[in-house]
Amino acid sequence: MNKIQEKVNASRNLYEHLPKSAGVYLFKDNVRKVLYVGKALNIKNRVKNHFSNKDDELRHQNLILQVEKIDFQTVSSELEALLLEARLVKQYRPKFNERLKDDKRYLYVGISKEKYPRIYLLRKPEIEENLADWFGPFPTASALKEILRLLRRIFPYRSCKSRISPNLPNIPNIPNLPHKSCLYYHLRLCPAPCINLVENYSQIIQKIRLFLNGDIKPLLNLLTKQMNEASASLKFEEAQVAKRQIEMLENLLQRRPKSADEEKTSKQVGQLKDLLIHYQGFDPFIVHRIEAFDVSNLGKEITVGSMVAFIEGEPAPDQYRQFKIVGIIQNDVEALKQIILRRLNHQEWIFPQVILVDGGKGQVSAAFAALKQKDLTSKIGLLGLEKKFETIIIPKIEKGKIISWKSLSFSSTSPVLQLLQHIRDESHRFAQRYYKKLHKKTILKD
């Protein structure tokens, strides 16, 4: 029996005491030095997976051999786990976490050293000029961008590089200034210090610091205190702003009680995530956005494709997209690859955590080829759903290659199957609608 197998056999005592809740875990060696920091929705299952993993990668074997103690810290939500993980990786810089200096997958959030600091993304804070503070690293770039987008609705902040005039009077619009207010200002997502004197901007930055540092409870306590003080002083508008910020934060952290439909959706998304982790070896951490693709045609005259987006398990029709296939395409598989490539070219559209295609191994392989061309095979989960037997097709991916396949059949009452069927059927319906529209135009033209 080799050393790895001996360690795996003896590892049960290391993780048996761990909780089945969201949080962060720390692998430590025999002198209590932190070797690795990880996050999980279910700490015990995630750690157990480390020791039952068949991964032969030398780096992973070296980690397992050195683990002598596992510490953990539970949190209330996946988002808090993400923020806490980033803080602990920055604090301990564990050698078995990804190398942070050169890995472009990792992002930081920076706060500039200015009168009105800007919030922005960066990759190498150690060489950044005019930087007051930074938070991270964040392994999941798409999740981080989505978090900042939502955070901006709660605490509007400056993100542009425009120079700020140091002595602006408190007037909404000032003539003869070199800068104009941007779209974020008109959307109320930036206080526009370039044209306004923003007296409470330092307080906004203080709250953003607390949030990015994972100090959620102190932040909520601060907002509650401000709300109560404003109310006692009869400043009801200020109190209402603080109350709204508290509600939005709790909503973002998913702490409010969920309805029956929300509980069902949460269960569906959770099962989907488990499938990806178990069979594909891919952990999306947060499954916020799922995109599905389908192709529709009748002969070779008209071929179209569709993309539908589901946010938190619910359809988002305003983010659906239609594609008319260009050039000579031999079959639906080629068309599917073209559609997904064209979608991935739009980096301004937030990337999904999961892509679903209507079909089996051929269609999934086409989608995989598109992801590989864009170097996204390790960043987006991928699966297919075959119509004939409603079989879920999951490719096992390692080092940029599909090494095996898993076909899963579930009962018609399975929550995860019902979710995937809903998304697949919506993409098919949307593709059919676009095809019929173009086909009608062709008939009328003739």
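For the reader, a short list of remarks on this structure follows.
- Count of region 295-320 residues which are assigned to a strand (DSSP E or B), of a type outside the set (S, T, N, Q) and at pLDDT below 90: 6
- Selection over region 379-424 of residues that are closer than 22 Å to L336 by Cβ, surrounded by 15 or more Cβ atoms within 10 Å (Cβ to Cβ) and of a type in the set (S, T, Y) gives a count of 1.
- Only residues that are free of Cβ contacts under 8 Å to residues at least 12 places away in the same chain and surrounded by 13 or more Cβ atoms within 10 Å (Cβ to Cβ) were counted across region 236-246, and they come to 3.
- Residues in region 306-335 that are more than 24 Å from the chain's Cα centre (by Cα) and aliphatic (A, V, I, L, M): I325, V326, I328, I329, V333, A335.
- Test: residue in region 72-94 that is modelled with pLDDT under 85, more than 17 Å from Y25 (Cα to Cα) and loosely packed, with under 15 Cβ neighbours inside 10 Å: no
- Here is the figure for region 261-292: residues that are part of a helix (DSSP H, G or I) and not aromatic (F, W, Y) total 19.
- Any hit, region 253-265, residues being at pLDDT 90 or above and at negative phi: no
- Checklist (1) under 20 Å from L253 (Cα atoms); (2) at pLDDT 85 or above applied to K33, failing item: (1)
Conditions tested, residue by residue: (1) closer than 15 Å to I111 by Cα; (2) modelled with pLDDT under 85; (3) assigned to a strand (DSSP E or B).
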position: A132; (1), (2), (3): yes, no, yes
position: L168; (1), (2), (3): no, yes, no
position: H179; (1), (2), (3): no, yes, no
position: Y184; (1), (2), (3): no, yes, no
position: C194; (1), (2), (3): no, yes, no
position: G214; (1), (2), (3): no, yes, no
position: L222; (1), (2), (3): no, no, no
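- Residue match in region 335-353 (condition: at negative phi, in a strand (DSSP E or B), among the charged types (D, E, K, R) and not assigned by TED's automatic domain parsing to the domain that holds L144): no
- Hey, S365 at pLDDT below 90, surrounded by fewer than 22 Cβ atoms within 10 Å (Cβ to Cβ) and among the hydroxyl-bearing types (S, T, Y) or not: no
The values are calculated or read from the model by the stated rules, or taken from the named source; none is laboratory data. Please read these numbers as outputs of a predicted model, since none were measured by experiment. Positions of Cβ are generated from backbone atoms using ideal geometry, with glycine treated the same way; all protein chains shown enter the neighbour counts.
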